[in-house]
1. Which is farthest toward the positive dipole end of the chain among Ala101, Thr205, Ile68, measuring Cα position about the Cα centre, with Cβ charges +1 (Lys, Arg) and -1 (Asp, Glu)?
2. Could you give the angle, 0 to 90 degrees to the nearest 10, between helix 107-120's Cα long axis and the longest principal axis of the Cα atoms of the chain?
3. Working from Cα positions, state the angle (0 to 90°, nearest 10) between the long axis of helix 9-101 and the longest principal axis of the chain.
4. Rounded to the nearest 0.05, what FRET efficiency do Ile16 and Glu60 give with R0 = 45 Å and r taken as the Cβ-Cβ distance? Could you check?
5. Tell me the net charge near Glu47. Cut-off is 13 Å between Cβ atoms, Glu47 excluded, with +1 for each Lys or Arg and -1 for each Asp or Glu.
6. Could you tell me which label, among (i) 17.3; (ii) 18.2; (iii) 26.1, carries the value of Kirkwood radius over Cα pairs in Å calculated for this structure?
7. For q = 0.13, 0.20 Å⁻¹, what log10 I(q)/I(0) does the stretch 90-218 give under the Debye formula with an equal point scatterer on each alpha carbon and no solvent?
8. Please report, in debye to the nearest 20, how large the charge dipole of the chain is about its Cα centre when each Lys and Arg carries +1 at its beta carbon and each Asp and Glu carries -1 there.
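What follows draws every value from the coordinates through simple rules; no lab data is involved. Only a predicted model underlies this, so the values are computations on that prediction, with no experimental measurement involved. Positions of Cβ are generated from backbone atoms using ideal geometry, with glycine treated the same way; all protein chains shown enter the neighbour counts.
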Amino acid sequence: MATPTDNSPEVLREEILSDARHESDQIIHRAQEQAEAMVAKTTAEAEKVRRDWLDHASAEASRRKELILATVQLEAGRLRSARVEALLQSVCDEVRRRLLAREGLEYREALVELAAEALSKMVGEAFLVKLSPGDYAEFGVGLAENISHRVGRSPLNISISADATVTGGGVLVQDTDGRQVWDNRLAARLERLWPELRRQIAVQTALVATSAAIGGEP
């Protein structure tokens, strides 16, 4: 059997095949390394995206939680304020009802006190105290003297008259020139005093803290 020489076709073919296999192995190896590197890079990027998304989702969840809590607190505060206002208004309505019904009120004494209070804040000597026609008929006699004595100021000239515009009880006091007028009808007086009264009621019944203002300044 003949031995192939170095330049024989068989030797050349084997060398070519060997080189081809070697080159193929290197290509495959490089492809595997590149594929592994690409997979590692893609995995790292995917992990970063996942962490970023989780961080974003967590931050968004926290933001929404705080927003919901704030909204709940705001709504609870609004409902409580509305409830407090409703309670205070019911108190005001009941006080007004009792005043108009004169429940527990020594009415003649109240008329004297209301007129005297108004006169104590007015200057001059001659005044007109107006009552409703019903009050004038029932309490008008001797009322001027009672009022003058209560004011304790001299000289003081007080006239009592009936006026249909004086409704709801109480008095309307003016000087004879009509330049000074003091509305001390019961409803008008309640309206003036109510802001401070409602504040005191709210504080004393613990509806609000001592430093809190209900509905603004009285």
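1. Value: Ala101.
2. The two axes meet at around 80 degrees.
3. Roughly 10 degrees, rounded to the nearest 10.
4. Working: r = 64 Å, r/R0 = 1.42.
Result of the calculation: an efficiency of 0.10.
5. On the way: positive: Lys41, Lys48, Arg50, Arg51; negative: Glu45, Asp52, Asp55.
Combined, the nearby Lys, Arg, Asp and Glu give +1.
6. (iii)
7. -0.60, -1.08
8. On the way: 28 positive and 35 negative charges, 340 e Å.
So the magnitude is around 1640 debye.
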